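Below: one structure, written as structure tokens.
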Amino acid sequence: MADFRNEIERRRTFAIISHPDAGKTTLTEKFLLYGGAIQSAGSVKGKQGDKHAVSDWMELEKQRGISVTSSVMQFEYEGYCINILDTPGHQDFSEDTYRTLMAADSVVMVIDAAKGIEPQTRKLFHVVAARHIPIFTFINKLDREAQDPFDLIDELETEFGIGTYPMNWPISCGQTFKGVYDREKKAILTFDNFHGGRERLRAIECDITDTEKLDSLIGDDLRETLVEQVELLDGACFDFDLEKVRCGKLSPVFFGSALNNFGIEPFLESFLKMTTPPLAREAVEGEVSPFDDKFSAFVFKIQANMNKAHRDRIAFMRICSGKFERGKEYMHMRQGKMIKLSQPQQMMAQDRAIIDEAYAGDIIGVFDPGIFSIGDTIAEPPLKVKFKGIPTFAPEHFAVIEQIDSMKRKQFQKGMEQIAEEGAIQIFFIPDAGMERVIVGVVGLLQFDVLKFRMQSEYGVGYSKMDLPHEQIRYIEKCPVEFSKLRLSGDTRRVKDIRGNDLLIFPGTWAINFALENNEGLELSEFKRW
């Protein structure tokens with residue numbers, strides 16, 4: 001029993017979020033380097049031949065230099081078993097990020113020191129804050145020109161309404177960047193452009209009052225500025241409170257440079273000490289402890305064709321309690337029947353290894369023959385539990401997609417259905433139109449490009465696309481008359497989703513109001529949870 005508890009307590013499962021180009025994927029790779037999981041870092045923008053970010057496995061990601069799917073990576077570091085969830089930064093793929101955040105116990109927020117808080121970071125933060133999980137901030141790119149660090153701290157507190165505690169403090173930036181001052185250890189971590197921070201650096205202990213030593217390390221001008229700033233910090237900033245950190249009310253802040261590997265190791269070590277082991281999860285029946293001896297998990301992501309050689313579908317599960325054992329049968333709660341989780345594996349981006357066991361806090365992938373949906377709960381009897389739903393988001397852009405080659409009808413249907421089940425797009429059927437012509441809804445326009453690329457590369461299917469003027473969609477909860485007799489605006493269309501539910505898509509809010517005002521008893525609702 002002691003080993004079981006120890007295995008869970010040493011797990012750390014966290015997501016990394018940021019605005020595009022803030023350095024999130026670079027930071028992820030440096031973590032993996034320290035853990036020995038990879039031998040060399042890739043180039044996010046693909047500037048070095050065919051090296052690409054390890055977590056970006058899809059061909060389109062390599063071409064564009066952006067992450068469009070969430071990746072899962074596990075590695076060991078100094079006795080900890082770390083599960084990293086690397087998320088897309090681009091806003092058009094925010095829905096995938098939202099669902100992935102439901103599987104994390106804490107979050108690392110990466111911010112570009114020159115740009116500060118950007119729109120996508122703001123959106124993602126509010127999703128995290130709603131769950132009251134720990135938030136750690138890494139302010140990146142100090143080797144370039146940056147905003148005043150006090151302004152960055154103030155922006156974090158004002159925008160997000162939480163306290164901050166700078167764990168270290170930058171000594172200048174850009175051309176004159178000399179490193180950081182570690183407030184806890186009272187030590188200077190020096191940065192030297194000659195080696196670009198690529199070596200593991202030894203902190204030089206130096207009391208803030210040791211003028212002679214400070215001058216020899218950073219020069220008298222920067223020493224004066226640093227002393228003044230640290231005194232201001234000590235007198236004006238929030239006190240450090242680990243309990244507030246662990247309930248998401250106080251964010252520890254670190255400064256560094258991910259590209260140059262500067263400040264990454266101290267950040268990782270401090271983060272692992274401060275963040276929590278796996279947290280209890282909310283279920284319909286109440287809270288589920290990770291230390292419950294019965295296995296339970298929920299599906300937060302489904303991905304088809306991660307490996308072209310396999311042509312398979314993987315359901316990603318976050319283990320919430322107990323221990324998973326290969327070959328054992330578990331209950332699929334929605335279907336009400338026992339199943340074996342086939343080909344259980346843990347991931348290092350596109351690389352995978354079959355496993356025999358896993359514990360609460362781990363992320364595992366299992367083969368999906370088409371029985372899993374986002375949000376499904378899997379549990380070990382007699383435990384009966386259903387974890388609370390994962391939110392889905394109403395699409396904002398719609399297009400009619402029609403197959404071109406009638407000989408590839410089956411491939412078209414399979415591709416559309418499989419990609420829709422992943423949650424990246426939503427498919428709606430036009431009454432009496434068949435499967436050859438469907439309406440696709442997406443949260444962000446770039447998802448249309450991904451759909452086209454994947455349909456062609458993974459299923460060998462091309463199609464025609466006609467954009468629609470619609471912007472909003474509603475479930476029909478109650479309809480007082482036959483659908484054909486509803487009084488609707490000319491552009492409003494009735495569709496069905498893949499579960500057979502009836503919906504209406506509207507060109508705007510005015511069309512929704514028109515429908516409600518002219519059809520007494522009609523009840524519409526926003527998009528539901530999975």
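Summary table
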| quantity | calculated |
| --- | --- |
| Pairs where the first residue, in the stretch 487-501, is under 17 Å from Glu421 (Cα atoms) and the second is surrounded by 12 or more Cβ atoms within 10 Å (Cβ to Cβ) and among the acidic types (Asp, Glu), C-beta under 9 Å, 6+ apart | Lys496/Asp502; Ile498/Glu417; Ile498/Glu421 |
| Qualifying residue in the stretch 74-88 (condition: within 16 Å of the chain's Cα centre (by Cα), open to solvent by 10 Å² or more (accessible area, probe 1.4 Å), over 30 Å from Asp241 (Cβ atoms) and at pLDDT 75 or above) | yes |
| Residue within the stretch 420-428 that is open to solvent by 30 Å² or more (accessible area, probe 1.4 Å), part of a loop (DSSP other than H, G, I, E, B) and touching a residue at least 24 places away in the same chain (Cβ under 8 Å) present | yes |
| Residue pairs meeting the criteria (Cβ under 7 Å; at least 6 apart or on separate chains; first at pLDDT below 85, in the stretch 376-403; second among the β-branched types (Val, Ile, Thr)) | Lys388/Val284; Ile390/Ile374; Phe393/Val443; Ala394/Ile473; Pro395/Val442; Pro395/Val443; Pro395/Ile473; Glu396/Val443 |
| Inter-residue pairs, beta-carbon under 7 Å, first at positive phi and in the stretch 312-333, second among the polar types (S, T, N, Q) and assigned to a strand (DSSP E or B), 6+ apart | Gly322/Ser296 |
| Residues within the stretch 98-134 that are assigned to a loop (DSSP other than H, G, I, E, B), open to solvent by less than 10 Å² (accessible area, probe 1.4 Å) and farther than 20 Å from Lys249 by Cβ, tallied | 2 |
| Extreme residue, surrounded by the most Cβ atoms within 10 Å (Cβ to Cβ), among residues of the stretch 135-155 that are assigned to a helix (DSSP H, G or I) and of a type in the set (A, V, I, L, M, F, W, C) | Leu152 |
| The one condition in (1) open to solvent by 30 Å² or more (accessible area, probe 1.4 Å); (2) at pLDDT 90 or above that Ile208 fails to fulfil | (2) |
| One residue from Glu228, Glu243, Glu224 being free of Cβ contacts under 8 Å to residues at least 40 places away in the same chain, acidic (Asp, Glu) and closer than 18 Å to Thr276 by Cβ | Glu243 |
| Elements of type strands (runs of 3 or more DSSP E) in the stretch 249-290, at least 3 residues being open to solvent by less than 40 Å² (accessible area, probe 1.4 Å) | 250-255 |
| Exclusive hit being among the acidic types (Asp, Glu) and in contact with a strand residue (DSSP E or B) (Cβ under 8 Å, 6 or more places away or on another chain), set Glu205, Glu212 | Glu205 |
| Looking only at the stretch 472-529, and only at residues there that are among the aliphatic types (A, V, I, L, M) and within 19 Å of Ile427 (Cβ to Cβ), the one that is surrounded by the fewest Cβ atoms within 10 Å (Cβ to Cβ) | Ile498 |
| Matching residues, the stretch 218-248, being open to solvent by less than 50 Å² (accessible area, probe 1.4 Å) and in a helix (DSSP H, G or I) | Ile218, Leu222, Arg223, Leu226, Val227, Gln229, Val230, Leu233, Val245 |
| Test: Asp362 is open to solvent by 70 Å² or more (accessible area, probe 1.4 Å) and modelled with pLDDT of 90 or more | no |
| Some residue of the stretch 158-176 being more than 30 Å from the chain's Cα centre (by Cα), modelled with pLDDT under 90 and of a type outside the set (Val, Ile, Thr) | yes |
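The values are calculated or read from the model by the stated rules, or taken from the named source; none is laboratory data. Since we're looking at a predicted model, the values are computed, not measured. Note that we place each Cβ from the backbone using ideal geometry, even for glycine, and neighbour counts take in every protein chain shown. Accessible surface is based on the protein model in full, side chains and every heavy atom, while ligands, DNA and RNA are left aside. Shrake-Rupley method; radii C 1.70, N 1.55, O 1.52, S 1.80 Å.
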